[in-house]
Amino acid sequence: MLKRHLSIALAFTLLCSPLLSHAQNAGGDSGFFDRKAEGWFWYKEEIPEEPPEPEEPEPEIVAAPPPEPAPIEEVEPARPKGPEVFSAAWFRENLPKYKDAAWDNPTIENVRTYMYLQRYAMDRSEQFANASEMAVVGDPFLDEETRRPSASFASQPLDRWAGRNKDNIAHKIAQKAGLFFFFESDSDTSRIQAPILKMLETRDGFTILPISLDGKPLPDGSFPNFRTDQGQADAMGVDALPALFLVSEDREVEPIAQGVLALTELKSRIILAAKRRGWISDEEFNKTKPILNLDNNIAAILDAHSYELGQQSGQTSTEDDGTNFIPPEQLSDFIREKLRTSSGAQ
């Protein structure tokens, strides 16, 4: 009986030894008695380790190609904007074309179209003329009646007043200058001019120096104390007879005419030459004109304000074409202000 029990114990020991060894080799696993749920004859199957998944290489960063340029759409170029129909610029450009079309192909429609446009231009001109009359009335700087009356009872005394001033100025010029009179004895125009020069000599006191190109006197015996040309005619550029030159005491020479002149025209030219030389003042010169209110000179007044007007044009110009165009109402206000200031009007 005792041997039987020993046999059973030995068999149990032999049976449990492999199990204990396997448990110890498992490396620190809990004891058999702590794992009762596994049973007597269960053993833990080792789960093979799965090989690590190969690391996927990071995708190489490649620069994106530049986007393809969008196709260029063909845009029809804008047509240049022409002048407004029926404007002055439109008529300047197109009326000759309609005229040419009517001339080259004179159909009824072509000719009628041109005549319509021509009538339009005439009517617009009449409108312009009417507006001009209305603009002038009451404006002393535009109304010519202020400068020279049209009524004969007012203009004739003005002419006589200007004539007397001409005589006075001519007499003053005669004190410092004389006339060279180039002639030829057989020149009809020289003979016609001689009596008029005599009147100028007698009335206004001018000294006349007659110079004969052919060395002979005039047939009527006027100006017997003449001199023969010694090259003076070529030096002064005489091409036609009679030839007249205004010569001062300082030998300043001003050409007057090469041809016949009436006495009034002769005096006017002498005064103009003296004005050009500075022998008379502006005031003296203006008194010889049959005009009133010479101080109403818009050009002279505005020229004195040209810089100011230029500044204003740069600030108010409505055009981009470099013309410095100023709107009419602004320019008109500027001009009227300057004219009122110059005339002393408040």
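The values are calculated or read from the model by the stated rules, or taken from the named source; none is laboratory data. Just so it is clear, the model here is predicted, and its values are computed rather than measured. So basically every Cβ, Gly included, is an ideal-geometry build from the backbone, and we count neighbours across all protein chains shown. Just so you know, the surface numbers come from the protein's heavy atoms only, side chains and all, with ligands and any DNA or RNA stripped out. Shrake-Rupley method; radii C 1.70, N 1.55, O 1.52, S 1.80 Å.
For the reader, a short list of remarks on this structure follows.
- Cα→Cβ-extended label distance, 7 Å offset, between Arg112 and Leu294, nm: 5.9 nm
- J(HN,Hα) series, the stretch 232-237, from Karplus relation 6.51 cos²θ - 1.76 cosθ + 1.60, nearest Hz, glycine and proline x: 5, 4, 5, 5, 9, x
- Prolate/oblate/rounded call for the stretch 218-341, Cα gyration tensor, a/c under 1.5 rounded: prolate
- Computed lengthening from Asp159 to Leu302, 0.36 nm per intervening residue step minus Cα-Cα distance: 48.6 nm
- Long-range amide H partners of Leu292 with built H, under 5 Å: Arg148
- Note, ³J(HN,Hα) from phi for the stretch 266-271, Karplus 6.51, -1.76, 1.60, rounded to Hz, x at Gly and Pro: 5, 5, 4, 6, 4, 5
- Close amide H contacts of Ile256 (hydrogens built in the peptide plane, cut-off under 5 Å, sequence separation of 5 or more or a different chain): Leu244, Phe245, Leu246.
- Here the dipole of the stretch 210-287 is about 120 debye; that uses its Cα centre as origin and unit charges on the Cβ of Lys and Arg (positive) and Asp and Glu (negative).
- Each residue was assigned an accessible area with a 1.4 Å probe, and for Asp234 the value is about 130 Å².
- Distance violations [Cα-Cα > 21 Å] among Lys172/Lys289; Lys172/Lys216; Lys198/Lys267; Lys287/Lys338; Lys198/Lys289; Lys172/Lys198: Lys172/Lys216; Lys287/Lys338; Lys198/Lys289
- Scoring 114-126, 275-287 by mean Cβ neighbours within 10 Å over their residues and listing the highest first yields 275-287, 114-126.
- Here r is the Cβ-Cβ distance between Ile335 and Ser132 and R0 is 22 Å; the resulting FRET efficiency, rounded to 0.05, is 0.85.
- Overall form of the stretch 75-140 per C-alpha gyration tensor (a/c, 1.5; a/b vs b/c): oblate
- Table column - 3J(HN,Hα) (Hz), the stretch 81-97, Karplus curve with 6.51, -1.76, 1.60, x for Gly and Pro: 6, x, x, 4, 4, 6, 6, 4, 5, 5, 5, 4, 7, 10, 4, x, 5
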